[in-house]
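Quick notes on the structure that follows.
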Amino acid sequence: MLQNLRNIAVVSLSTVGSRVLGLVRDILVFAALGAGLWNSAFILAQTLPNLFRRLLGEGALTSAVVPVFSDVMERDGQPAAFRFLNQVLVRLCLALLGLVTGGMLLLAWLGHSGWLNENWSLASKLAVVLLPYMLCICMAAIICAGLNLVGRFAVAASTPILLNLAMIGMVSIGMCWSDSTPVLVYWLCGGVLLGGLLQLLLPAWDLYRQGWRPSLRLVPATEMAELWSLFLPGLLGAAVLQLNILISRVLAYSLDESAASLLYLASRLMELPLGVFTIAVATVFFPLLAKAVSAKDETAFADSLLQGLRLVVAVGWPAGVGLIVLGHPILQVLFQWGAFDAVGVRATVPLIAIYGLGLPFYSIATFCTRGLHARKDMRTPVRVAGICLCVNAISAVILMQFFGVSGLALANVLAAVLQSVLLWRKLSGPLELLSLGRLRPAFGQILLAGLLMGIFCYLGVRLGALLDWSDKAQAILVVALLVPGGATLYFVLLKLLRFEELEQLVQLILKRRLR
């Protein structure tokens, strides 16, 4: 337990740094570009390399590599595991070179063909510039998976910091160089490419220090057959999941010039707590789950899975409540600068509230998917993702007719709720140890503490509105007092309710053993 918490702390602290810098980056970008066409086109263009990153990098391929790598290391030792990793990297590099080259040629032709209107042509031209990022980030994701399995979490978790620093630096230079929006966007694209290169080099250097030596030799590997059997179903599932994101952004881009930017901004605020803790827990617990499966230890698997679920919900639920209650002042404080004005803030608030409702379900779905992948069950996530794709696409087309971009956000959340329910049912079915009875007490404590925290924050917002201050000053006061105050109240309530994981964490902190 102590080592798990230490690893979670390392990943969480690194991820916090990344998310804070990502927030600074988004504040800077929206202040420079607003929520207009160029920002929306950049967001849509960046979706394409990120889609393949999820497919061939940190998504399906990583989930297939981790169990096989774990088996090889358990059976034959670390040198054999590194040889297997090299074979994966060589094959991945060849595939990516073909995809990037072909994709750039196709997008360049589409952008200049005259078949697309001005808005879509702009998105195509920006995608040509950004597509090489896919090569670096996909390779980096596999190397980071190798680092995690040899117990190295800090460097892998901190690499997104480099991307954010590169983007912040490049857009800052662009703002000093020119006030032209097109110029700023291309400087921003340069930051993405530079950040991707740095994200590849740093983990590769750290893995080299652990004994890995890169090799370009393409030789037969018996484990590749098992990898393919896990990867192909996972690829289909990840593709369906990423299509959900692509569908939402394409539909938003078709609504108006600002819809894609606003949807992105709301989802980014939702992803802040999701990335800080949920992804950290999943990153740390996934190797533990894979090793428990390799050792055929059902008790260890169930205990790790339930512990991880309690932890992700314990953070996801209050974070969602906080977004619902405090979304407006948070947006005012963070993003109401420069080209992003009060109109943009008001348009984004409903989207944040909708994503806040869905945050616990996103957390559960993320962690349950890792649990199934650790069991080498790739088919269930595929089937579930296919169902959720249909739900998202159909409900998005219908709801956007009535609620505009808010309908797209609501469709995403409905799909996430369904996904979390279906994944948990499949995951808990074969094991009696995985029962809701072992989760109900903890979930009840979390629900009660989160609701009381929400009431406290709502009353604080209402009191702040009575002050005869400017809107900006009121928002700063509300955020400065209620965010830490609400979080403190929540954790105090969990302490009083004797929430199990919090008790263990408090004991470790009091004993000064968690460093």
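Structure notes:
- Lys pairs under 19 Å by Cα in the chain, provided they are eight or more residues apart or on distinct chains: 5
- Gyration tensor verdict on the chain (Cα atoms; rounded if a/c is under 1.5, prolate if a/b is larger than b/c, oblate otherwise): oblate
- Dipole of the chain [Lys/Arg +1, Asp/Glu -1 at C-beta], most positive-end residue of Ala260, Thr101, Pro318: Pro318
- Rg/Rh for the range 274-314, where both radii come from Cα atoms and Rh is the Kirkwood radius: 1.01
- Ranked by how many other beta carbons lie within 10 Å on average, peptides 25-35, 399-409 from highest: 25-35, 399-409
- The chain, relative contact order [Cα under 8 Å, separation at least 6], %: 20
- Taking every alpha-carbon pair under 8 Å whose residues sit at least 6 apart, the range 37-221 reaches a relative contact order of 30 percent.
- Of the chymotrypsin sites (Phe, Trp or Tyr not before Pro) in the range 86-122, the ones in a loop by DSSP (not H, G, I, E or B) with at most 16 other beta carbons within 10 Å are Trp115.
- Taken along its principal axes, the alpha carbon cloud of the range 111-171 reaches lengths of 52, 24, 12 Å, longest axis first.
- Look at Met104, Met453, Met134 and count the other Cβ atoms within 10 Å of each Cβ; fewest to most, that gives Met104, Met134, Met453.
- Derived scalar couplings between HN and Hα for the range 439-448 equal 10, 4, x, 5, 5, x, 4, 5, 4, 5 Hz in order, rounded to whole Hz, by the Karplus curve 6.51 cos²θ - 1.76 cosθ + 1.60 (θ = phi - 60°), x for Gly and Pro.
- Between Leu452 and Trp228, the simple label model (points 7 Å from Cα in the Cβ direction) yields a spacing of 5.8 nm.
Rule-based calculations on the coordinates, nothing more; no lab input. Owing to the predicted nature of the structure, the values given are computational and were not obtained by experimental measurement. FYI the Cβ positions are ideal-geometry reconstructions off the backbone, even for glycines, and counts take in every protein chain you see.
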